[in-house]
Each structure stands twice: as structure tokens, then as C-alpha cells.
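One structure is given here, and the rest of the page talks about it.
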Amino acid sequence: MNSQTSTSSPNIGKIRTLDIEILRYDPDKDQQPYFQTYQVPCQEEWVILDAINYIKDNLDRTLSYRWSCHMAVCGSCGMMVNGEPLLSCHAFVRDMPDKVKIEPLENFPIARDLIVEMDGFMDKLSSVKPYINAAEDRTIEDGTYKQSPEELKDFQQYTQCINCMLCYSACPQVALNESFVGPAALALAHRYNLDNRDIGRSAREDVVASNDGIWECSFVGACSEVCPKHVDPAAAIQQTKIAATTDYFKRFLMPWKSNNKHTKSKDDNSRQSSTKGGNDETGKR
Amino acid sequence: MLNVIQSDVVIIGAGGAGLRAAIEIASENKDLEIALLSKVYPMRSHTVAAEGGAAGVAKDEDSLDNHFNDTVSGGDWLCDQDAVEYFVEQAPKELTQMEHWGCPWSRTEEGNVAVRPFGGMKVERTWYAADKTGFHMLHTLFQTSLKYPSIKRYDEYYSTELITHNGQCCGVTALDMRTGQIRFFRAKSVIIATGGAGRVFPFTTNGAIKTGDGMAMAFRAGVPLKDMEFIQYHPTGLPGTGILITEGSRGEGGILVNKNDYRYLQDYNLGPADPWPRKKAMELGPRDRLSQAFWHEQKKGNTIETPFGDAVHLDLRHLGEQKINERLPMVRELAMSYMSVDPVHQPIPVRPVVHYTMGGIDTDINAGTSLGGLYAAGECACVSINGANRLGSNSLTELLVFGRQAGRNAAEFASQENASFDEKMLLEKAQAAADKVMNLFQHKGNETIPNIRNEMNQIMEDGAGIYRSEKSLELAVQKMSELKIRFADIELSDKSNVYNTDLIQALELGSMIDVARAMAVSALNRRESRGSHQRTDFEERNDKDFLRHTLATYAGDDNPSIDYKNVVITKSQPAERVYGGESK
């Protein structure tokens, strides 16, 4: 995997010329994508994004790609670097061979050059209702909720997703079924399900536990391996499967339980029932 | 014919301020249609990069007055005090609202929201989510916005020009980057929330998208830019990349030392060095003072040479691995990845880096501008709570407080607006705006974007950096005005309609040139030193002549014209800024 924690001492100032082969495609004029190679004099401490910016500024103004923060937090600059989905601002020249092949993220339609279409991904994110479905009508005057550091820890890692889509690119199930809700969106649903301020799990379940949801995951775990923020979507999906299965069987054993619209996977006794966020779909699975 | 999209309120920019405005409108005025335009997907907005936290009174021993006083003295008395009063009062409410929306604030053992100290702060009041506060706030706002179907997003639309008539803003033209098509977004009111303009300078914490587009749009439409000479250098950026190392690292106890391992800040009226940590002293002094101290240390030859320029050391080692991992995980990761330094074992080389534009679109306490129906909030606006130097962690709160304010007032304006406009004429104006982009697209010329951009960066660094003078600024003003003429002679290489980033960069460069000129001319005319604006030829603050806001008004190819307006003072008379041992 990439060298996210590499501390090898850099050969600062050393220049190495890389052959950078980039997939090009402009739907305005190209029948099909093709590769174009650029010789880029790279400083050893650069990231691949610096090399691409060098091309844009000095060699070819027509190259199109997304980027902004250059510090691995905005999530714009994901691409395939020598076949591996990486943030190009976090792919270090010091770790690269002399030839580097750069392609747009896999499993997405190419819009132009290294820019992929994100519509499907954005729809999937919003489909899991990724927002607090509140347990109570809390006003500003009521102040903040109590949440212990342990309760925060329950969901904290799943808040770290930067929506860079590397996991969709790595996921074999996304490749087979483009409707698969996918790792980032399912992990985000899990993040809210685990939050002690939220009671929206049942409202999310018709997407999360649908045929295109968690059950599509074959637990290869590629999503977790490529995540630049150490989110573990594979674990989120497995945990959700267990919770959904429990719900499914509870329905036969204790039908009255499945009518509780706000059942959480965790102990939920402290919560009063709420008038908000009910979902009539609950329990139909 | 130009495609027209009708809505009630158009919001330009989908970062923290734009999203907060959108949520306010959608939750309080369910029948208003909102068009939310952004040149990037919302979660790419630069709010994402803010690290340390958001200020709002939280502790019993703190008070709104403390927050007010810290902010006003931190801003060297150039803040409008009515706006600051409103701001500090709303701050805890907005941060509580964020908590209800799911923001994963760091917690105390008792389960309350935790706060940490920041520079220039008497009592700790910075709410934080580890050291990724902006990231968590942006994603919380974005995800919450998905609840509201009346927020219609237009992602990757680059707004080009406000369409106005008789002193009223009637919409904006925007380029759909995916197709190259320009559309006219006709609306009753418009909110600009496009963020700062750090990319005018070569060495900045700001992402590539921070090109001052909204500031330039309002400026060209006749709205003055206020206090543009005030540009904040953050004292701790990584050399080379300019990546931000949060002030929170000093809030947690980190120290700054020079090449002799000496805590040099004690030589700049910020000491004594111990006991440490303590508020409003040493490393927890305000950003302007710390960045200026670096400049003097460099002159004295006390800084550390690195391949990427001189630096000092930010030492976190005494905090220990556990605390660093818990409170400053991103700082550790950034230092390791981009500097090959593990702060658990080694000090981090840092240097001042352009971080924030205190100035911006001239707005009043209602987030309104001189154009009817036009509002602005966040870094692109100058309301002004930041004065001559922003206190760390006030800006994340500002985008909530004034984002909401802009949303509320733009909604009210749109609900009451019933003036009838000659729609055909508005469409013609929009068509003319679209034609300008087309002309740029087709223009034959001899200049290239990277050349002009690099020259602009160098001119501004040389002429309008941490310390300025009449001579350096005159040169910058003159060269920028030449650059504006040369910019008209650029030729694009990319002729495609689809994601033409050559064209987008040209439009962004046009914005930056106009904004840079406002900065340089405003700085030239402020012949005093105040906050982040330090003149080697006028070293003292001069309240008699300059306790006033600069207003720069666009004048096409000519230099912007300069005017002034009074600072609003309610309860704090200008005094000396005191930090270190004598501060209270």
C-alpha cells in the first residue's frame, strides 16, 4: 500500500525525471481514451499532484483534473496511480518508480481526462439519510447533548470519511453492480446509527439493508485497505449486517419489537420515544 | 438563447457559510426555492481544511464580555463593535446548533463539549473536533443540508457575474463546468459565500480554489471591498508546501524555538516564558505578533535554514505520544507525510504563511451590502468582526453566525420582494455577461495564465508581505496595473467545452488580479501600522487618521478608488494591545 506513514529521510532538492503516462479523454473530440506521456523533472519531496500541476503549467494546458487542498482532506484528487487508487496529493514521488501510469478512478464513468462523473456517488450518499434523526425536540436553550468520550469513540472513526471515493474504485462489488450503495455511504449510515443522539436507524434500513445495500458486500475488505483516512467501511458493513439480521429474526420472535421505530443496535433504554422520524417501511424486510 | 433558472434565493459558494445560509432558509422558509451554486462539490470547500476549532463562550468563568474584549483588542480596534457584540452572543448558540446536527465535538469525561485555548484568548473557549474541526463542521453542514429538498444544488458551476439593475441584484450568470454552458440564475436575492483569496500570494495555506471569485464579482458590480490590506499570516505553516499546523498545537502546550533552542517570543513583549502554558502570552499571543516576531528573528539570523526557506521549530515532544494522538492526530500525520518529521520525536519546522483575508465585501451587521438583495458571509465578507487581525477560531464561528444571518435576511428580502423588472433587459445583461466569457475563450493573444499568475504572486509577496513600505507598495500597485492590461492579452490552449480547467483558471486569475489590486492600493493608502498591516515607514498605529475602514471601489483598468468609513465603537475605546506578563 502507499506510504502514509513513511518517514524515510527525503533527498531534498534531488531532481528525478519521471515518465508520467496519463489517460486522456475529451468527449468533445475523442472517440476513445488514449495515453499521453510526459517527462516531468520531479523533486524527490513532491507528491504526484505536484508533478501533474507541473504538466498543467509547463507542458500541457489542456490536461483536466480536480484538486484543491494539497493536504489530503478535501478529497478531490483521487486517481489510479500505477493501478492503485490514491489521493494524488498523498502519493509521494519518493515512493514511485521511474514510470508512473495515471488513470481516472476505476468504476466511475470518465467525464474528461482524470475527472470522473460523481452523480451516482452523490445520490448514494444522500440515500442513506446521513443526518441526525433526533431522539427529542431539543432546543438551543436545552444546551448540548451529553455524549461521553466512549460514546463518541463508538462512531468517531466513521466520521473521518472525506468522500474521496477511493473505496468505490477498489471495491469488486461496485465493479459488478453499479447500484451497490457502496462502502463510504454504508459506513456513513453506520456512523449515524451508532451516534447516541440519533434514532434514525430504521429510517435508513430500507436503503442500507436493501438488495443493493449491505448484502451486496462480499467482505473482500479492499475498501478499508485503500482508505487514506483509516476508516474501516468493511467493519461498518459487517456490523450493520449483524444488526440487520438481528432485526430480521426479532420480527419473528418478538413482532411487537419490530414495530418500535426507533430500535437501536445498542442499549436504548434511556431514550424516550419520539414523534419525529417515523418510518412506515420498518419491519417489511 | 441563454438558459434561465428561476429561484428565490441564489447562494454562491457551498462551504460553511453558504451551507449554513441554505439550511437556515430551507428550515425556516419552506416555500422558498434555493439554488446553491459552487465551483466544487460542497465537501471540497476550503472550510474543510480548518483545523483547530471554533470560538464560543462555554465555561462558567468565561463571559461574552471576555470574548468581545479579546476579539476587539485582537483586531487592534478596527472591528465594528456592534457586529462583535452580536457575534459573541450568537456564537455559543450556533455551536450548540452544530452539536444538535451531529458535529462530533471532542468531549470532557463528563460528556460535555470540551474547549481548548487559542491565541489571544483570556479563557479557553475554542470548541474542537480533534484537529479536524473545519472538516467535521463542513461535512456535518453538508450532510444536514441533504435533509431539505428545497436546496437545489448546482455542483461545479462557476459563477461569473452578478446581474444588477437600479442598485439591486437580480441574479448571477454561471458556467456549468461539465458542459461549458452558461446559465442565468435569476433570483430575488443573492448570497455570496465564496471564501478568501489566499491564492493571490505564492505561499499560502489556502487550497487552489481560494481565488477571491465572489469578492471580485461584488467589486465589479460596484460593492466596495473593505479593509483589503489586512492579510493574516499564520505563524506555523510547513515550509515548502504551506500546509497548516494548527494553533491548537500551541493551545495544547507546544512551544516555538529558534536555532538556539530559545523561546524567542519572550523578546517581543509576549513573555516571560514561564509558567507555561498560560493564556494570552508567548505562543498563545495573537497571530500577527507571532508572525512579525518571526520576521525579526530572521533579520537577526536566528532562524533555521531549510531547503524551503528559513524556519523556526514548533516543539510538541513534551506533550507525549498519547496526547498528540488524541488531540492532534492530523498534525502528526501531516508532519510525518509532508515533512518526514514525527512530532512525537522531533520538532516541526514551521514558518509564517498567508492564511486569511480579514477584508472582503463590505457588509453590515445584517450581512447586507450596498446592493439591494445582495448579501455576503464568511471569509469573502468583511462585517467586520476581525478588524486588523483575526483571532484564531473566530472564523469558523463567523461563518455560522453570519451565514445564518445572511440566509435569514436574504429569505426575508425574497419573501417581500415584488418589484417588477424588465425581464428581457435582464436577460440581455446576462447574455452580455456570457459573451464576455465566450470572448475570453476565443481570444487570440500572447500571454499565458501560469506566467501572469506567477508574476502576480511574486509582486504581492515582494510588495505586500508581512512588512510593507511606501516604496514596496507603490511598485506593487504599478506592476499589478500593468499585469491587468497584460491579462487582457491571454490566449487559452484548451478549446473544449467539457471541464475546461484552462478557462476556469483564466477566470480565477481575473478575479485574483482585481482582488490583489484592491489589497495593494488599500495598503499603500493606509500610512500606519495596525494589526497584520505593518509599515516599516509608519511604525505606529495612528487612530487620528486611520481608525477607519478602507473602502476600495472598482474602477476598471484604473486603480480602485479609496474612501473611508468610521469604525463602530460601542463600549471599548482604543487602547494599547497588551499580551504576555502584563495582560489581564
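Using per-residue counts of other Cβ atoms within 10 Å, averaged over each peptide, order B:297-307, A:230-240 from highest down.
Per-residue mean Cβ counts within 10 Å order the peptides as A:230-240, B:297-307.
Across 10 Å bins from 0, what is the distribution of all Cα-Cα pair distances for the protein assembly as shown, in whole percents?
P(r) for the protein assembly as shown, in whole percents per bin: 2, 13, 23, 27, 21, 10, 2, 0, 0.
State the volume of the convex hull built on the alpha-carbon positions of region B:237-351, expressed per residue in Å³ and rounded to an integer. Display every interim value, and only then the final one.
Working: hull volume 10.6 nm³, N = 115.
Normalising the Cα hull of region B:237-351 by residue number yields 92 Å³.
Which angle between 0 and 90 degrees, to the nearest 10, do you get for helix B:287-299 versus the longest principal axis of chain B when only C-alpha atoms count?
Approximately 70 degrees, to the nearest ten.
Taking amide H atoms as placed 1.01 Å from N in the peptide plane, list the residues 5 or more away in sequence, or in a different chain, whose amide H sits under 5 Å from that of A:TYR38.
Amide H to amide H, under 5 Å and 5 or more residues apart or across chains, A:TYR38 pairs with A:ILE20, A:GLU21, A:ILE22.
Under a Cβ-Cβ cut-off of 15 Å, what is the net charge of the residues other than A:ASP57 that fall near it, where Lys and Arg count +1 and Asp and Glu count -1? Could the numbers behind the result be given before it?
Working: positive: A:LYS56, A:ARG61, B:ARG199, B:ARG453; negative: A:ASP50, A:ASP60, B:GLU447, B:GLU455, B:ASP494, B:ASP502, B:GLU508.
Around A:ASP57, the charge tally is -3.
Rounded to the nearest 20 Debye, what is the dipole magnitude of region B:1-108 about its Cα centre when Lys and Arg each give +1 and Asp and Glu each give -1 at the C-beta?
Working: 7 positive and 18 negative charges, 153 e Å.
Using Cβ point charges on Lys, Arg, Asp and Glu, region B:1-108 gives about 740 debye.
Please compute the contact order of region A:15-116 in relative form: average sequence separation of alpha-carbon pairs under 8 Å and at least six residues apart, divided by the residue count, as a percent.
With pairs under 8 Å counted, the relative contact order is 33 percent.
Go through region B:398-414 residue by residue and turn each phi into a ³J(HN,Hα) via Karplus (6.51, -1.76, 1.60, θ = phi - 60°); whole Hz please, and just put x for glycine and proline.
Each residue's phi maps through the Karplus curve to give 4, 5, 6, 4, 8, x, 5, 4, 4, x, 4, 6, 5, 5, 5, 4, 5 Hz.
Please enumerate, by chain and number, the lysines with C-alpha under 22 Å from the C-alpha of B:LYS495, excluding those fewer than 8 residues away in the same chain.
Those lysines meeting the cut-off are A:LYS29, A:LYS56, B:LYS39, B:LYS436, B:LYS444.
Would you mind calculating the relative contact order of region B:1-140 from Cα pairs under 8 angstrom and at least 6 residues apart, reporting the percent as a whole number?
Computed over region B:1-140, the figure is 29 percent.
Compute the Rg/Rh shape ratio of chain B: radius of gyration over Kirkwood radius, all on alpha-carbon atoms.
Working: Rg = 22.7 Å, Rh = 23.8 Å.
Answer for chain B: 0.95.
Which residue, B:VAL341, A:THR159, A:THR62, has the largest displacement toward the positive end of the dipole of the protein assembly as shown when charges sit on each Cβ (Lys, Arg +1; Asp, Glu -1)?
Highest projection toward the positive end goes to A:THR159.
Per DSSP H run of at least 4 residues, take -39500 (n - 2.57); add these up for chain B, divide by its residues and hand me the 222 nm value, nearest 500 deg cm²/dmol.
Value at 222 nm, helices only, nearest 500: -11500 deg cm²/dmol.
Could you rank the peptides A:216-226, B:310-320, B:355-365, A:132-142 by their average count of other C-beta atoms within 10 Å per residue, with the highest value first?
In descending order of packing, they fall as B:355-365, B:310-320, A:216-226, A:132-142.
Tell me the angle of helix B:423-442 to the major Cα principal axis of chain B, expressed in degrees between 0 and 90 and rounded to the nearest ten.
70 degrees
Percent of alpha carbon pairs in region B:38-157 separated by more than 24 Å?
Tail of the P(r) past 24 Å holds 35 percent of the pairs.
If you keep only loop residues by DSSP, which GluC sites (Glu not before Pro) in region B:33-104 have at most 10 other Cβ atoms within 10 Å of their Cβ?
Sites meeting the loop and neighbour criteria: B:GLU61.
Name the residue farthest towards the positive end of the dipole of the protein assembly as shown from the options B:ALA516, A:CYS217, B:PHE308, assuming +1 on Cβ of Lys and Arg, -1 on Cβ of Asp and Glu, about the Cα centre.
A:CYS217
So for each of B:284-294, B:530-540, A:176-186 I average, over its residues, the number of other beta carbons within 10 Å; can you give me the resulting order with the highest mean first?
Numbers: B:284-294: 25.4, B:530-540: 19.5, A:176-186: 22.2.
Going by the mean number of other Cβ atoms within 10 Å, highest first, we get B:284-294, A:176-186, B:530-540.
Placing +1 at every Lys and Arg Cβ and -1 at every Asp and Glu Cβ, with all other atoms neutral, what dipole size does the protein assembly as shown have around its Cα centre, in debye to the nearest 20?
760 debye
What fraction of the DSSP beta bridges in the protein assembly as shown is antiparallel, stated in percent and rounded to the nearest 5?
Antiparallel: roughly 70 percent of the beta bridges in the protein assembly as shown.
Defining a contact as two alpha carbons under 8 Å apart and six or more residues distant in sequence, what relative contact order in percent does chain B show?
Contact order relative to length: 22 percent.
Can you give the Rg and Dmax of region B:70-217 based on its C-alpha atoms, in angstrom?
Values for region B:70-217 (Cα only, Rg and Dmax): 19.2, 58 Å.
Run through region B:471-503 and list the trypsin sites (Lys or Arg not before Pro) located in a DSSP loop whose Cβ has at most 16 other Cβ atoms within 10 Å.
Working: sites: B:LYS471, B:LYS479, B:LYS484, B:ARG486, B:LYS495; in loops: B:LYS495.
The qualifying sites are B:LYS495.
Any of A:LYS153/B:LYS280; A:LYS229/B:LYS152; B:LYS226/B:LYS544; B:LYS93/B:LYS122 with alpha carbons more than 26 Å apart? Name them for me. Kindly include the intermediate steps, with their values, before the conclusion.
Values: A:LYS153/B:LYS280 32 Å; A:LYS229/B:LYS152 29 Å; B:LYS226/B:LYS544 19 Å; B:LYS93/B:LYS122 20 Å.
Cα-Cα > 26 Å for A:LYS153/B:LYS280; A:LYS229/B:LYS152; rest within.
How long is region B:151-284 along each principal axis, judged by its Cα atoms, biggest number first, in Å?
59, 32, 29
Hey, what angle do you get for helix B:133-145 against the long axis of chain B, alpha-carbon based, 0 to 90 degrees rounded to 10?
30 degrees
Shielding by partners for B:136-145, please: the mean number of other protein chain Cβ atoms within 10 Å of each residue's Cβ.
4
Rule-based calculations on the coordinates, nothing more; no lab input. These numbers come from a predicted model, not from an experiment. Here Cβ is always computed from backbone atoms with ideal geometry, including for glycine, and neighbour counts include all displayed protein chains.
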